[in-house]
Amino acid sequence: MNTKVICNAMGFQMKVEQFLENLLMGGDMEDYEDVDVRFVKSSGKFSYGGVADLFFFHDQWYYWTQDKRAKNYMTLADFELTGRLKYLEIISNIKIYPVIFAGFFTGYIDEKGRKIYTGDMVKTTVIPCADIPSSGGRNRARMRNGKDICGYTTIAGVDSFVDRDDDYYYIFDNCPIAMRYTKQVRVIGNVFYDLDYNNPNVNIANRCAMLAYTNGINVRNLHIKMAHAPYFKCRNWQEKALKVLNDEPVYEDLPDTLP
């Protein structure tokens, strides 16, 4: 999916419920408007899904599957679903897992062909005064007369902005700038670091703001954490020992310039 779908948790939940109602009425599993969502599994790895794979319940995101190999799962008996979420009951043998929401696909792709999600840390060059803004994907903002304007390059977090539904944004220290003014962009990390098993949800907006307002913060350490994310904090000495034994990749300096 390369189309841009502006969405938030409430909007996504409405699409999930519409999908379930459509399924109850005899609709096909593939007959729905998809929204590309990223989430973190208990293993600390990213996974990806859409309207037919996830739902939001009591401030927690859940992923469901019919995979017979699944273990340590929850079932519908563990929930008291109401409204159109009860339509999940028409899907047989589903296994449910709590996951950490890790962003919506913004519709933009970076210079290496990677999808950009909300919660990503990017190094980007923007042209706020571009005559022809980007329409998403690999399209880039440019001037109508073909004149090459350098713009300015910085590191920023990506998120939706307040109640705006016209685009996703780079969150800077003085103002957000819509991603449609992208000239160049490269994903170099994300905000899903130091995840907590007991308090798993991440406030993407707050962490993007932390990246923008760095007073009193060791910026390099913050960038290193983001470059290695996602990961959970170690809960005990055994996990710390395993982390050392697994020989995590050495941090590489962030690039000074984009290609």
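Miscellaneous remarks
- Environment charge at Val37 (Cβ cut-off 11 Å; Lys +1, Arg +1, Asp -1, Glu -1): -1
- Extension reserve of the Ile149-Thr75 stretch, reckoned as 0.36 nm per residue once the Cα distance is removed: 21.1 nm
- Ranked by the mean number of other Cβ atoms within 10 Å of their residues, highest first, the peptides 224-234, 135-145, 176-186 fall in the order 176-186, 224-234, 135-145.
- Long pairs among Lys41/Lys225; Lys15/Lys115; Lys95/Lys225; Lys15/Lys183, criterion Cα-Cα beyond 28 Å: Lys95/Lys225; Lys15/Lys183
- A protection proxy built from the mean count of other Cβ atoms within 10 Å ranks the segments 71-82, 110-121, most packed first, as 110-121, 71-82.
- Prolate/oblate/rounded label for the stretch 34-158 (Cα gyration tensor, a/c 1.5): prolate
- Whole-Å distance, taken between Cα centres, linking the stretch 191-233 and the stretch 87-149: 20
- Neighbour counts of C-beta atoms inside 10 Å place Ile188, Ile100, Ile90 in the sequence Ile90, Ile188, Ile100, starting with the fewest.
- For Val35, Val191, order by how many other beta-carbon atoms lie within 10 Å, fewest first: Val35, Val191
Since every read-out is calculated from the coordinates, none of them should be taken as a lab result. These figures come from a predicted structure and were not determined experimentally. With ideal geometry, Cβ positions are generated from the backbone for all residues, glycine too; neighbour counts draw on all protein chains shown.
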